[in-house]
Amino acid sequence: PGRSALVAPLTLDNAPQYFDTLMLHSRAIVRLAAEISDAKAAATIREAARAYGKAEETGDIDAVVTADLDFHSAVAAAARNAFMARFYGLTLDYGRRVMLLHYYPVRGPDEGARSAAEHVAIADAIAAGDAEQAEALIGRHILEQIEIIKNSLAPTAGTRFSTEGLGKFG
């Protein structure tokens with residue numbers, strides 16, 4: 001009572017640690033979900049993947065963010081490990097600000113459809129009990145997102161200016 005939660009800042013210094021954690025948690029969660037998948041959990045995950053695709057079609061980023069979290073939460077629930085699911089959820093929460101600032105605003109026009117197709121492929125691999133495929137798919141999915149985030153940090157205006165004729169400084 002009387003205390004609030006603080007979110008640890010994600011900075012350029014600790015971003016690699018965060019992305020390592022996201023990759024490890026994601027791979028573990030989808031692998032476990034695929035290894036113990038049942039028809040009910042698979043149906044829930046597939047429905048969440050479809051809902052994500054529909055959200056992407058609307059272009060409403062708030063709906064996309066919510067549907068993305070719902071998909072990954074369904075996968076975590078299917079893994080049936082409360083500890084891993086909780087830490088995975090925290091990991092996703094830590095990265096939400098980065099996604100909102102450095103992924104969604106700068107991703108290309110086809111990125112939403114590609115991401116939706118990846119969610120469906122991950123859901124299919126989990127439903128099939130193919131842990132290797134599910135793990136490989138989530139790994140590529142995250143690496144593609146990280147690439148977009150890295151590109152969002154590249155200079156834009158500064159590269160358009162000429163340094164010719166400035167002479168030496170100092």
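Summarising the label geometry, the points placed 7 Å from Cα in the beta-carbon direction at Lys54 and Arg96 lie 2.2 nm from one another. Here the gap between Arg114 and Glu47, fully extended at 0.36 nm per residue and compared with their Cα-Cα distance, gives a gain of 22.4 nm. Of the residues Asp38, Asp110, Asp68, the one that moves most in a GNM of the chain with alpha-carbon contacts below 10 Å is Asp110.
Our estimate of slack between Ala128 and Leu12, defined as 0.36 nm per intervening residue step minus the Cα-Cα distance, is 37.9 nm. Legend: calculated FRET efficiency, Glu164 to Leu143, from the Cβ-Cβ distance at R0 = 30 Å, rounded to 0.05, equals 0.20.
Couplings 3J(HN,Hα) of the range 87-104, computed from phi: 5, 5, x, 5, 4, 4, 4, 4, x, 4, 4, 4, 4, 5, 8, 10, 10, 4 Hz, in residue order, whole Hz [Karplus 6.51 cos²θ - 1.76 cosθ + 1.60, θ = phi - 60°; x for Gly and Pro]. Per-residue Karplus couplings for the range 25-38, computed as 6.51 cos²θ - 1.76 cosθ + 1.60 with θ equal to phi - 60°, are listed in order as 5, 4, 5, 5, 5, 5, 4, 5, 4, 5, 5, 10, 4, 10 Hz, Gly and Pro entered as x. Classify the range 89-170 as rounded, prolate or oblate from the Cα gyration tensor: take a ≥ b ≥ c as the square roots of its eigenvalues, call it rounded if a/c is under 1.5, otherwise prolate when a/b beats b/c and oblate if not. Prolate is the answer for the range 89-170, as a/c is 1.5 or above and a/b outweighs b/c.
Go ahead and run the numbers for FRET between Leu153 and Phe83, Cβ-Cβ distance against an R0 of 45 Å, rounding to 0.05.
Working: r = 33 Å, r/R0 = 0.73.
Here the calculated transfer efficiency is 0.85.
The value of relative contact order for the range 22-77, using C-alpha pairs under 8 Å at least six residues apart, is 45 percent.
Think of a 1.4 Å ball rolled over the protein heavy atoms: the chain then has 61 Å² of accessible area per residue. Of the solvent-accessible surface of the chain, computed with a 1.4 Å probe over protein heavy atoms with every protein chain present, carbon and sulfur atoms account for 59 percent. In the range 61-170, which trypsin sites (Lys or Arg not before Pro) are in a loop and have at most 16 other Cβ atoms within 10 Å, using DSSP for the loop call? Of the trypsin sites (Lys or Arg not before Pro), the ones in loops of the range 61-170 whose Cβ has at most 16 other Cβ atoms within 10 Å are Arg80, Lys168. Consider the candidate values (1) 10.1; (2) 11.7; (3) 14.3; state which one is mean projected area of the Cα convex hull in nm² computed from the structure displayed. Read-out taken from this structure: (3). Once C-alpha pairs closer than 8 Å and six or more residues apart are averaged by separation and normalised to the residue number of the chain, the relative contact order reads 34 percent. Between Glu35 and Ile61, the modelled labels are 3.8 nm apart [label points 7 Å from Cα along Cα→Cβ].
The values are calculated or read from the model by the stated rules, or taken from the named source; none is laboratory data. Keep in mind it's a predicted model, so treat the numbers as computed, not measured. Here Cβ is always computed from backbone atoms with ideal geometry, including for glycine, and neighbour counts include all displayed protein chains. For the accessible areas, the whole protein counts, side chains as well, though only heavy atoms, and no ligand, DNA or RNA atoms are used. Shrake-Rupley method; radii C 1.70, N 1.55, O 1.52, S 1.80 Å.
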